[in-house]
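Participant: Structure below; questions to follow.
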Amino acid sequence: MAPRYWLLKSEPQVFSIDDLQREGRTGWGGVRNYQARNFMRDEMKEGDLALFYHSNATPPGVAGLARVVGTPAADPSQFDPKSPYFDATSSKASPRWVMATVAFVERFDLVPLEVLKADPALAGMVLLQKGQRLSVQPVSPSHFARVLKLAKAKFKVTRRDNHP
DNA sequence: GCCAACGTTGGC
DNA sequence: GCCAACGTTGGC
């Protein structure tokens, strides 16, 4: 079956594309939204490709590419009382929270959110819809191809002022 | 720091 | 089932 395309959000202060490159692969745990979980559990398949998006960053944008490997697994953090993602109501017999595993594919110069927003070819992309906050979201083949094309271009990134 | 948008919770 | 209150996300 043809691969599908996704976008995964991560705060780079927490886990960046560089971290993924260093580690090679990672379990996409800590997702506590049912819609996002369902995408990982039911629709992500080995070989699917995902845009790696840096959220809460300056500037935010697509920072690289990852590939889905293996099959979904129970997210171990739900069983760890010390984890912020602990879920006392989940059981090992029937885990509520599931994670995909993704591998590093490529890192590229950031494609800033600003550039995505300004591109008419990306109109309708889930990421750009008002108010959407899903951390795991589908991307259409044409939008995916377009973002990759943008990634080959160079962007002058204007940092916003945000002094600590 | 602000705030809009959204999801979840819980009283009724 | 309704919906107000609350917490979170995430851009700016």
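Participant: Find the strands (runs of 3 or more DSSP E) located wholly in the range A:55-164 whose residues include 1 or more that are over 22 Å from A:W28 (Cβ atoms) and either within 11 Å of DNA strand C (Cβ to nearest atom) or free of Cβ contacts under 8 Å to residues at least 60 places away in the same chain (or both), and list them.
Facilitator: On the way: elements: A:61-74, A:98-112, A:136-139.
Once the strands (runs of 3 or more DSSP E) in the range A:55-164 are filtered for at least 1 residues that are over 22 Å from A:W28 (Cβ atoms) and either within 11 Å of DNA strand C (Cβ to nearest atom) or free of Cβ contacts under 8 Å to residues at least 60 places away in the same chain (or both), what remains is A:98-112.
Participant: Further question: From the residues in the range A:28-62 that are of a type in the set (G, A, S), closer than 18 Å to A:P84 by Cβ and within 15 Å of DNA strand B (Cβ to nearest atom), which one is farthest from the chain's Cα centre (by Cα)? I'd like the intermediate steps shown before the answer.
Facilitator: Looking only at the range A:28-62, we keep the residues that are of a type in the set (G, A, S), and these are A:29-30, A:36, A:47, A:50, A:55, A:57, A:61.
Applying the additional criterion that residues be closer than 18 Å to A:P84 by Cβ yields A:29-30, A:36, A:55.
So of that shortlist, the ones also within 15 Å of DNA strand B (Cβ to nearest atom) come out as A:30, A:36, A:55.
Values: A:G30: 12, A:A36: 10, A:S55: 9 Å.
Going through the qualifying residues, I end up with A:G30.
Participant: Looking at A:K92 and the list (1) at pLDDT 90 or above; (2) away from DNA strand B (no atom under 16 Å from the Cβ), which single condition is not satisfied?
Facilitator: In the conditions (1) at pLDDT 90 or above; (2) away from DNA strand B (no atom under 16 Å from the Cβ), A:K92 misses (1) alone.
Participant: Sort out which residues of the range A:4-20 are exposed (fewer than 14 other Cβ atoms within 10 Å of the Cβ) and touching a residue at least 60 places away in the same chain (Cβ under 8 Å), and write them in order of number.
Facilitator: The answer is A:D18, and nothing else.
Participant: Give me a count of the residues in the range A:79-121 that are farther than 26 Å from A:D19 by Cα and basic (K, R).
Facilitator: Count: 3.
Participant: Would you confirm whether or not the range A:42-58 contains a residue that is exposed (fewer than 14 other Cβ atoms within 10 Å of the Cβ) and among the small types (G, A, S)?
Facilitator: The answer is yes, given that some residue of the range A:42-58 is exposed (fewer than 14 other Cβ atoms within 10 Å of the Cβ) and among the small types (G, A, S).
The values are calculated or read from the model by the stated rules, or taken from the named source; none is laboratory data. None of these values were measured; they are calculated from a predicted model. No Cβ is skipped: glycine too gets one built from the backbone with ideal geometry, and neighbour counts run over all protein chains shown.
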